[in-house]
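Below is one structure, written out as structure tokens; comments come after it.
The values are calculated or read from the model by the stated rules, or taken from the named source; none is laboratory data. The model shown is predicted, which means the values in this text are computed figures rather than measured ones. With ideal geometry, Cβ positions are generated from the backbone for all residues, glycine too; neighbour counts draw on all protein chains shown.
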Amino acid sequence: MLHDGTGWRDCGVGGDGFHVGGARVVGVRAAAIADPSGGATVDAEARSALTAILGALRAHGLIAA
């Protein structure tokens with residue numbers, strides 16, 4: 001809740017994160033993502049890392065699923 005000088009209003013902050021327009025956009029911190037290392041095919045390593053980053057951003061609520 002936030003007081004804007006005239007009354008109280010819902011500010012979008014709840015126990016499970018920050019909400020905008022009813023959608024959670026920030027929540028609890030996601031687990032760390034390991035850096036890619038080794039591997040014979042660099043592209044596969046990069047794709048794996050990007051997939052993990054996108055998954056974390058989606059789970060965190062920063063991008064849509």
For Leu57, are the conditions met, namely being in a loop (DSSP other than H, G, I, E, B), under 10 Å from the mean Cα position of the chain (by Cα) and surrounded by 10 or more Cβ atoms within 10 Å (Cβ to Cβ)?
no
Of the residues in segment 28-51, those that are among the hydroxyl-bearing types (Ser, Thr, Tyr) and surrounded by 10 or more Cβ atoms within 10 Å (Cβ to Cβ) come to Ser48, Thr51
When you check Gly5 against the structure, is it over 15 Å from the mean Cα position of the chain (by Cα), without any contact (Cβ under 8 Å) to a residue 24 or more places away in the chain and either surrounded by fewer than 10 Cβ atoms within 10 Å (Cβ to Cβ) or part of a strand (DSSP E or B) (or both), yes or no?
yes
Which residues, counting only those in segment 25-53, are at pLDDT below 85 and either within 18 Å of the chain's Cα centre (by Cα) or closer than 30 Å to Gly14 by Cα (or both)?
Val25, Val26, Gly27, Val28, Arg29, Ala30, Ala31, Ala32, Ile33, Ala34
Which of the residues that make up segment 11-27 are of a type in the set (Gly, Ala, Ser) and loosely packed, with under 12 Cβ neighbours inside 10 Å?
Gly14, Gly15, Gly21, Gly22, Ala23
